[in-house]
Amino acid sequence: FDEGVVLADINVGILYLFAVSSLSVYGIITSGWSSNSKYPFLGALRSAAQMVSYEVSIGFIIVTVVVCVGSFNLTEIVLAQKGVWFAIPLFPMFIMFAISALAETNRHPFDLPEAEAELVSGYNVEYSAMGFALFFLGEYANMLLMSSLTAILFLGGWLPIFNCFPFNLLPGSFWFSIKICLGVVFFIVMRALL
């Protein structure tokens, strides 16, 4: 949230986040398989294939940012953007990351695993009540993760928009929270528009 305000300052922090976000495929496959029905299983296979395929593009984009910075440390990635955010010199990568993040979180243009016409709402069709709510809680947690990754990799993390007097008074956690909120609003607006 701010410089020095981290849970653990891992030297391979971006690699750790990428690895942890890849584990969601196992939960989706298990949930589709355990319902013992063909439609949830097909939805789970589609979802797993989509998530794995878009993780490859996200991985290449992360490698591009890491090559520009020279470190896997999240703090160093943010501090490397003091002069200019990476969204400006790496604008095509920023757009590709936004599209891949939409696909990774199964938002509307890429919601093939939940195709109502052919798969009866996807891998979570057999779940109700709290199980169903936990799937959507996980989906929105993934939206928060992708928004925070976008803020860290391309939007300067906790750095203010302009490094001058009125903007420096606000703490870095405020700027980081604003950028995450803008990312979540982007996900929701894209679902409403498309």
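For segment 13-193, the average shadow cast by the Cα convex hull is 11.1 nm², which is a quarter of the hull's surface.
For the options VAL69, VAL25, VAL12, a Gaussian network treatment of the chain with springs between C-alpha atoms closer than 10 Å singles out VAL12 as fluctuating the most.
What is the calculated FRET efficiency for VAL189 to SER71, with r their C-beta to C-beta distance and R₀ = 35 Å, to the nearest 0.05? Please list the in-between numbers first.
On the way: r = 33 Å, r/R0 = 0.94.
E between VAL189 and SER71, to the nearest 0.05, is 0.60.
Taking a point 7 Å out from the Cα of ALA19 in the direction of its Cβ, the residues of segment 57-88 whose backbone N falls within less than 20 Å of it are 57-67, 70-77. Each Cα pair under 8 Å and six or more residues apart adds its sequence gap; the mean of these over the residue count of the chain is a relative contact order of 27 percent.
3J(HN,Hα) along segment 177-194, derived from phi through the Karplus expression 6.51 cos²θ - 1.76 cosθ + 1.60 where θ = phi - 60°, amounts to 5, 4, 5, 5, 4, 5, x, 5, 4, 4, 4, 6, 5, 5, 5, 6, 7, 9 Hz, with x in place of Gly and Pro.
Derived scalar couplings between HN and Hα for segment 150-157 equal 4, 5, 6, 6, 10, 10, x, x Hz in order, rounded to whole Hz, by the Karplus curve 6.51 cos²θ - 1.76 cosθ + 1.60 (θ = phi - 60°), x for Gly and Pro. In plain terms, the residue of TYR54, TYR26, TYR127 with the fewest other Cβ atoms within 10 Å comes first and the most crowded comes last, giving TYR26, TYR127, TYR54.
Readers should treat all values here as calculations from the given coordinates under stated rules, not as data from a laboratory. Predicted model, so just to flag it, every value in this text is computed and none were measured. Here the Cβ is made from the backbone with ideal geometry for all residues, glycine too, and neighbour counts use every protein chain on show.
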